[in-house]
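Below is one structure; the comments refer to it alone.
The values are calculated or read from the model by the stated rules, or taken from the named source; none is laboratory data. What you see is a predicted model; the values in this text were computed from it and never measured. So basically every Cβ, Gly included, is an ideal-geometry build from the backbone, and we count neighbours across all protein chains shown. Accessible surface areas use protein heavy atoms only, side chains included; no ligands, DNA or RNA. Shrake-Rupley method; radii C 1.70, N 1.55, O 1.52, S 1.80 Å.
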Amino acid sequence: MKNILIFCGMILAVYVAYRIYRYQTLDNGLDLLIKNGAVILDVRTEREYETGHILGSENISLGTIRERYTELDPEKTYITVCSHGLRSVKAENILKEKGFKNVHNGGAWSDLQKSFHLNMSEAGTH
């Protein structure tokens, strides 16, 4: 019984740490950036993107972003999104390493879509 309680406590601690990390890494002012024409860059795989995404977003997976970043305009503002928010942080850092100045973490694409009532494309309705 003691081991179960310890395990549950550890799971709770990891979950709380993840939620804190997630909210600390999100950038403020995303709504204003979106209103001013920021590009939503979805860094999930193509297959994940096809299951649903924010309408008008661009898809370059995290696995290919080091090669494909040249397809992006360094003068534009980008908001990186993924399924849970971890890959978007990595993509944000990679683009900043490549000289992009206006890159922001948007976290999970579905949360961003709900927060700002953005149009969503369902699978097969591109």
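Applying a threshold of 7 Å to beta carbon distances and a minimum spacing of six or more residues, or different chains, the list of pairs starting in the range 102-113 at a residue that is within 12 Å of residue 30 (Cβ to Cβ) and small (Gly, Ala, Ser) and ending at one that is part of a strand (DSSP E or B) and open to solvent by 10 Å² or more (accessible area, probe 1.4 Å) reads 106/40. With respect to (1) open to solvent by less than 60 Å² (accessible area, probe 1.4 Å); (2) outside any helix (DSSP H, G or I); (3) without any contact (Cβ under 8 Å) to a residue 40 or more places away in the chain, the lone exception for residue 74 is condition (1).
Go through the range 84-100 and report how many residues are polar (S, T, N, Q) and surrounded by 17 or more Cβ atoms within 10 Å (Cβ to Cβ).
The total comes to 1.
The condition (being over 27 Å from residue 15 (Cβ atoms), of a type in the set (Val, Ile, Thr) and open to solvent by less than 10 Å² (accessible area, probe 1.4 Å)) is satisfied by just one residue among 39, 81, 103: 103.
Return the only residue of 27, 111 being at pLDDT below 95 and either open to solvent by less than 30 Å² (accessible area, probe 1.4 Å) or assigned to a helix (DSSP H, G or I) (or both). I'd like the intermediate steps shown before the answer.
Values: 27 fails: either open to solvent by less than 30 Å² (accessible area, probe 1.4 Å) or assigned to a helix (DSSP H, G or I) (or both).
After ruling out the rest, the residue left standing is 111.
Taking every residue in the range 40-69 that is more than 16 Å from residue 107 (Cα to Cα) and outside any strand (DSSP E or B) and pairing it with any residue that is modelled with pLDDT of 95 or more and open to solvent by 50 Å² or more (accessible area, probe 1.4 Å), at least 6 positions away or on another chain, the pairs with Cβ-Cβ distances below 6 Å are 69/98.
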